[in-house]
Every structure is written in C-alpha cells, then in structure tokens.
1. Collect the residues in the range 194-233 that are hydroxyl-bearing (Ser, Thr, Tyr) and under 23 Å from the mean Cα position of the chain (by Cα), keeping them in residue-number order.
2. Only one of (1) at pLDDT 95 or above; (2) in contact with a His (Cβ under 8 Å, 6 or more places away or on another chain); (3) not in a strand (DSSP E or B) fails for Ser502. Which number is that?
3. I need the full set of residues from the range 139-161 which are among the β-branched types (Val, Ile, Thr) and either closer than 18 Å to Gly125 by Cα or touching a Cys at 6+ places or on another chain (Cβ under 7 Å) (or both), in order please.
4. Which of the residues belonging to the range 146-168 are among the hydrophobic types (A, V, I, L, M, F, W, C), surrounded by fewer than 22 Cβ atoms within 10 Å (Cβ to Cβ) and either within 15 Å of Lys210 (Cα to Cα) or free of Cβ contacts under 8 Å to residues at least 12 places away in the same chain (or both)?
5. In the range 328-381, which residues are modelled with pLDDT under 95, open to solvent by 60 Å² or more (accessible area, probe 1.4 Å) and either of a type in the set (Val, Ile, Thr) or closer than 23 Å to Tyr279 by Cβ (or both)?
6. Counting only residues that are of a type outside the set (Ser, Thr, Tyr) and farther than 30 Å from Ala526 by Cα, give me the helices (runs of 4 or more DSSP H) lying completely in the range 67-155 with at least 1 of them.
7. Scan the range 520-529 and give yes if some residue there is surrounded by fewer than 17 Cβ atoms within 10 Å (Cβ to Cβ) and under 30 Å from Ile415 (Cβ atoms), otherwise no.
8. Which of the residues that make up the range 545-567 are open to solvent by 50 Å² or more (accessible area, probe 1.4 Å) and either in a loop (DSSP other than H, G, I, E, B) or under 21 Å from Gly132 (Cα atoms) (or both)?
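The values are calculated or read from the model by the stated rules, or taken from the named source; none is laboratory data. This is a predicted model, so every value here is computed, not measured. Please note: Cβ atoms are built from the backbone with ideal geometry, for glycine as well, and neighbour counts cover all protein chains shown. For accessibility, only protein heavy atoms count, side chains too; no ligands or nucleic acids. Shrake-Rupley method; radii C 1.70, N 1.55, O 1.52, S 1.80 Å.
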Amino acid sequence: MKKLLLILLLSAGLSSQAQQKADLIIYNGKIATMQKQGEFVQAIAMKDGIILDVGSEKNILSYKSPETKLIDAKGKTVIPGLNDSHMHVIREGLNYNSELRWDGVKTLKRAMEMLKEQAARTPDGVWIKVIGGWNEFQFEEKRQPTIEEINAAVPDKPVFITYLYGKAFLNKKGIEVLGYNKNTKYEGSLLEQDANGNLTGLMYAKETPKAIYMTMGLTTKLNPEERINSSIQFNRELNRFGLTSVIDAAGGSQNFPADYVTSLDLAKQNKLSLRISYYLFAQQKGKELQDYEKWVAETQINKNDNLIVANGYVEEGAGENIVASAADFENFLEPRIVLSDEMETDLEPIIRLLAKNRWPFRLHATYGESIDRMLNVFEKVNKEIPFNGLRWFFDHAETITPSELERVKKLGGGIAVQFRMYYQGELYNKLYGAPKTQLPPIKKMLELGIPVGMGTDATRISTYNPWMSLHWLLTGKTIGGMQFWPKDQALDKFTALQLYTSGSAWFSGEEKEKGKLIKGMYADMAILSDDYFAVKTDDVRKIESVLTIVNGKIVYASAEYKALNPEIPAVIPDWSPVKYFGGYQK
C-alpha cells in the first residue's frame, strides 16, 4: 500500500512538473544569477511573473510550449533588474515632460543651444526649466553658464535653472514674471543684488534651499492628463537603463496623498512599468507629528495597490525627512549646518510613534555630527520600545564615523547610499580637503554586515542613470574625472552590482523576492547593450538596456529587439522638451 501511495505521489509530482510551461524564455545568454561571484547560466524561464528555472539551454528549453515566447540573447549579458533605493520617481513623474534635461550633455555650448532651441518652441507664458542632473564638471568647458549668457540665449521667456541644491539661475524675464525685487526675501536663502539693488538672477541656498524650492513651485505645472503622460514617459526612461524597481524617498513639495494620485491611478490600471515603493514625508514645519499620527491611523503599509503585479505599488513607511528641525542640508557650497536645539525634542515622539506601530522609517543624514544626535534619539526610544527587527535606515551618511556605524549595526539599521559625491566631490574638496578614506564608507558598512542599498537621489541633484552611479562605485571618481576616494577603496563589479539589486531590495523588505536571477524570485531583469563584467570600467557609463522585463513582461526594448517595445502614448504637451530631446543625452 505504501509503495502504491509513493508511486501515486511521484506520478502527481511529475505531472505537476510537466504542466509547468514557461510564458517566456531567454536563451543563448550570459545570465548573471548574482547568487555568487562568477556564476553565469545560459538560459532562464519565467511564468506568471516568477522565475521558473535557470540553467543550461537544453534544460531550460524543456519548459517550452507552443505558447512560450522565446528570446535569443545572442550572447549578451543578462542581469537582475536594477533597483534604485533612493529616487524621487513619483515627483519627477509629475514634472518630467516640462523639463529640459542636461543629463549626459558633454559641452556647455550644446547645453545652451538646447536651451535656445527649447525657448523657440515654448509658448508664451510657459517656463523653460532645467532642474538638476548636471554640473559644470561634466562639460568640456568645466564651467557653469553665466546669467548674462542665459539672458542672451532667452531674453523673452522665463527661464529657471537649478544647480545642485545650492544655486539657481533666474533670467530677466523670469524675475519680471514673478515680480521679484530687492525686497523679495526667503528664509535661509539669498537673492543676489547688483550695486544698484537690482536682482541679478542668481539665487543661493545658505541655510536652506527655500528660495529655490518656492520659486520652482511658481513655475509651469502640467495638467492632470499631462502628468499621467509624463509619469509614463519617465518610467519608460528608467526602464531604458535596466531599472525595474524604485524606492521613492518622498521629498520637498511632495504632498500626500495629492501628489501620489497620478502614480496610484497608473498602478490600479497596471500601467506602471516599475515596481514602486514609497515613503511619506511631512511637509509642514511644526505639524509633522500630527501628519504621522494621521497616516499611521488612516493608511496601510505593505498594501499593494497594483492588483496585477506583486509589490507593484506599496506604501513603505516614514521619511526621508521626518521633522524639519532634523533637515541635515547637504549644500557643499556652504559650511555644514548645525541642527537646531529642538531637533531631539521634535524627533523623539515621532520615532516612538513609528516604533510602537512597527512603521519602517528612513532619515536623511549627511554628516556624522547630525547622525550622532539622531542615534541618541533612536537608542533612547529603543530602550522603551525595542526596534527588534524594525526596518529603519539612514540615507546618504557621507561622513558617518566608524563608531556610529557600530551603533547603526547594533540597532539593526541599514544605510541607503547615493552617488551625490559624483557631482559634489570637487565642492567637498574645496571646503574640507580630499578625504583619506572612502566617503561614504561603503566598504566599512559591508564589513560590519550593515544592509547597504544603492541609489541616485535623482533628479534635483544627480542624474537618474544608474550606470553613472555604478561608475562612481567602481572608480571613486567624480563626473569630472577627479579621483575623490583613494583608488584602493573602489568596489569590484560584483559587489557594486549587488548593491543595486539584492542590496537595495532590503530597503523595501524584498531581499528574499528580488535581486537575483534564481528560481522563485521575481522575473525582473535586463539584457544589456554591453557586457558589464567584461568592459573597461570607464565604458560602464555607456551601458543601457536593450530589453527590460518586469514581472515576466517586456516593458522596454531597443536595438535588435526594438520590435518588441510596448507602445506608449506620444509625449504631451506638444512643446515638451522630452518630445524633442528625450531624457539622458547619449
């Protein structure tokens, strides 16, 4: 009887295996499982958004049925989908179609030509905007534009150009449209005047970037239909570089729920081409605790609002800034800001609320001096309400100290690292001198076993192109080629890529579900234009995806796979810079 039962069970198992036929198979590839260094397989099968199996071509093709879609990788490298652990994807989606992007532009001459060309097609009353993603060191000329050059290029339409978080350019027409004058003041910021008291058009963040943020808010906004289109276009642009997941760190001028409606609608219609997790950032100074009390009571973390894609659109927790008094402003054009004496008093009740309700949180922290004070608060709350595995982490942490890292480890925290120093290394050197060790100290974090994820913090400082970020990890150089870290602190290719895949997955609690190309994980991956593992380090910057897959479905295709590229709506409005220039410039 037992023997018969065993035969029946084996038969049922074999029958079940026989029924497992793939929806999609990629074969003839160099597929990096990212399970261990140097492990590559030839083929991968996927079904219902999950990896069915990986291995030899012969074995994987046994999962083929007449309905299975086959893709020949033609020997190209396949990697797990990239996952940016800190980007402002929801906010940028609302604005992308209205912005002229200088990301990737090689000369200031071409950047100014683009500005002039865009002005010629922009309707009267509409702003021409360049919002982040560039600095002077990417240009051959190694300089910023002058306000005189901007006024000469566009004399008759308003122009607003931001430079990192520390400076902005406002042309004469822009000053006129806004009605700004010598009496216009913004707390913590400077609007430069000439000898006669007239505004020059240069704006500087001193203690805060309030002037830049508030002015940005007064420029052209897209209407609801355009915002939906803009979000679709930006998500597709991220797919172009192999991104399949993004964790939105919220940010200034990103109000909940109003500014999340567009992405929520796309999620509900299964029109997101990325898995998006998001955090909530209180916007009103002095009312942060009330906001978090309301959100903890009324919203649900870990609830997926995409009914088709697992973890497709999910609220994660609180941050990246939790209280205004803990805003550790990273303007390397100016000396370090000392946080207010009220910071601990403001922060503690919110951390207590979050810990009590098991809400994950993230906190923007640039300097070790600030991190020390924040950790004091966390340690105090932890004694009363043990974190005990609660997911929490710092963002940035450029100058965190070894002893502070030990404290983060003890509290079970992580660190989401961004490549801001790729854009600000020269400015940091000017203020503080060349760092003697890696900054932020990623190798030390990994050595201690602290979870580390990689991201860009795009789009108001850095570009969203993850391959520029990977170049920074592999070289320790800035975008201008300056050796910022000591060379021996650079990461190897496997470790760098791991931070951008399974490393970042920890920050949304998905480290067991994505980031590796192995059986049972999400079918998120990219076929690359060039072999990341074989190309020269500097050539990593040129890599793009030629085929991006999310949840087992193709969301982007180019080059020899272009015929497989899913159709999306044409860019609107008609004057959009994205329609004419696209996003990142090759």
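1. From the range 194-233, those hydroxyl-bearing (Ser, Thr, Tyr) are 200, 204, 208, 213, 215, 219-220, 230-231; that's our starting set.
Correct list: Thr208, Tyr213, Ser230, Ser231.
2. (2)
3. Ile150, Val154, Val159, Ile161
4. Within the range 146-168, just Ala152 meets the criteria.
5. Val338, the sole residue that qualifies.
6. 108-121, 147-153
7. Among the residues of the range 520-529, at least one is surrounded by fewer than 17 Cβ atoms within 10 Å (Cβ to Cβ) and under 30 Å from Ile415 (Cβ atoms), which makes the answer yes.
8. Of all residues in the range 545-567, those open to solvent by 50 Å² or more (accessible area, probe 1.4 Å) come to 553, 559-560, 562-565, 567.
Those that are open to solvent by 50 Å² or more (accessible area, probe 1.4 Å) and either in a loop (DSSP other than H, G, I, E, B) or under 21 Å from Gly132 (Cα atoms) (or both): Asn565, Glu567.
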